[in-house]
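In what follows, a single structure is set out as structure tokens and then discussed.
Rule-based calculations on the coordinates, nothing more; no lab input. Note that the coordinates shown come from a computational prediction; the quantities given were computed from them, not determined experimentally. No Cβ is skipped: glycine too gets one built from the backbone with ideal geometry, and neighbour counts run over all protein chains shown.
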Amino acid sequence: MDELKASETIAVTNGIAGDNALRAVTPPLYLSSTFAFEGFERPGRFDYSRTANPTRTLLADTLAKLEGGAGAVVVASGLAAINLALSCVESDQLIIAPHDCYAGTMRLLDARSEREDFVVEYVDQTDDKAVRRALRRGPALVLVETPSNPLMRIVDIANISRLAHEVDAKVAVDNTFLSPALQQPLGLGADYVIHSTTKYLNGHSDVIGGAVVTKEASDAEAFAHWANVTGVIGAPFDAYMTLRGLRTLFTRVHQQERTAGAIALFLQNQPQVAAVYYPGLLAHPGYDIAARQQKGFGAMLSFDLIGGREAVRHFVESLKIFTLAESLGGTESLIAHPKTMTHSYLSPDTMTDVGITDGLLRLSVGLEDQNDLIKDLNQALAALT
């Protein structure tokens, strides 16, 4: 039974050798948009792929098992997954969101709140007093992102879930940066887990997708209904590719994490670097919480380069292995400049408030040789002198 299997085993084996038609070991890809009825008024398990598709259903089942949830809904992108989670909130209700959340999330929240779909309050969720003050307003949903993007701040999921539930608020945690390989928010008290499956779950930078995993089956059913109504479902081929990527999730993430830890230690000792943001460093303010609630520290880190934008320009143009690009979680190592790339939506005041500087760079560490990556960073740093 799956409850007796390790997560690594579930990732590799869920759906394997389950094809009853031709006994294929790898689960087939079902591209069909529609399925034949068994007879008049006798639909089968699947009838139309917007409502349900065998490939997408298998991916959802696998994600639910990996996160310890009762169900999951697979949609077209990570932002579609966040938007789906927001569908549980009514027009006069409040959402508490992180003050330093991903800019795409903030853009979505701002756009929908401007249309009066709900009310949003941005809060520093590492500040317990600020969280308690916000919760006194009686929110319907608390949206959490930990580690945060791009500064890797850590939020205590168990604590914020306990406080939120005291005021009958639901808690949704964006687990994109760690994946279920390193963190399982539902086990810490969250109600929903959100993923951009584009990132670590797929792991190969060739799919756009998202998912919401729920603790309660009734919530999964409600989200699945709304995904069908709004048509935001993920494509079968994307689900197939994501499931293929999931097979190697744990192996990839653990290797990437080891390299990221070594890179963080290297950068910490470089005179051209003002600060390194990585939860695995003992000096990180969220280290203790991360060590308690995570199974590892992940493969994402950021650092502030002395010299601002011009230093950044010379540095990234000197790199040979790291690719200047948005996104993260793939097998290749990427570097991004949040101020001009991933977080350019934010106002100057918001950037200052959350700590996004001209010199801030974000790394997504891939599967290249650890020494090669450190040598690449070292020679690019040397080019600044």
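Computed from Cα atoms, the angle from the helix 370-382 axis to the main principal axis of the chain rounds to 40 degrees. Put simply, the amide H of Leu324, placed in the peptide plane, has neighbours under 5 Å in Ile335, leaving out anything fewer than 5 places away on its chain. Annotation for Glu216 and Phe46: the two label points, set 7 Å from Cα along the Cα-Cβ direction, are 3.0 nm apart.
Computed per residue of the chain from DSSP H runs no shorter than four, each worth -39500 (n - 2.57), the mean residue ellipticity at 222 nm is -11000 deg cm²/dmol. Charges were assigned to the Cβ only: +1 to each Lys and Arg, -1 to each Asp and Glu. The resulting dipole of the stretch 249-382 about its Cα centre is roughly 240 debye. Geometric descriptor of the chain, per residue, is 142 Å³ (volume of the convex hull of the Cα atoms). By DSSP, the beta bridges lying fully in the chain are antiparallel in about 60 percent of cases. Kirkwood hydrodynamic radius, the stretch 233-319, all distinct C-alpha pairs: what's the number in Å? Taking the inverse mean of 1/r over all distinct Cα pairs, the stretch 233-319 comes out at 15.3 Å.
For the stretch 249-382, the relative contact order works out to 28 percent when only alpha carbon pairs closer than 8 Å and six or more residues apart are counted.
A cut-off under 13 angstrom between Cβ atoms defines the neighbours of Tyr277, and their net charge, with Lys, Arg +1 and Asp, Glu -1, is 0. Taking other Cβ atoms within 10 Å as a rough exposure proxy, His225, His204 sort from fewest to most as His225, His204. Considering only alpha-carbon pairs that sit under 8 angstrom and 6 or more positions apart, the relative contact order computed for the stretch 1-138 is 15 percent. Considering every alpha-carbon pair of the stretch 249-382, the percent of pairs per 10 Å bin, from zero through the bin containing the longest distance, is 12, 44, 36, 7, 0. Counting lysine pairs in the chain whose alpha carbons fall under 21 angstrom apart, excluding pairs fewer than 8 residues apart on the same chain, gives 13. In the chain, a dipole from Cβ-located charges (positive for Lys and Arg, negative for Asp and Glu) runs towards its positive end, and of Ala103, Gly307, Thr251 it is Thr251 whose Cα lies farthest in that direction. By the count of neighbouring beta-carbon atoms within 10 Å, fewest first, Asp156, Asp92 end up ordered Asp92, Asp156. For the chain, what is the relative contact order in percent, using Cα pairs closer than 8 Å and at least 6 residues apart in sequence? Taking the mean separation of contacting Cα pairs over the length of the chain, I get 17 percent. Once backbone amide H atoms are built at 1.01 Å from N, Gly71 has Thr214 as its partners under 5 Å, excluding neighbours fewer than 5 places away on the same chain.
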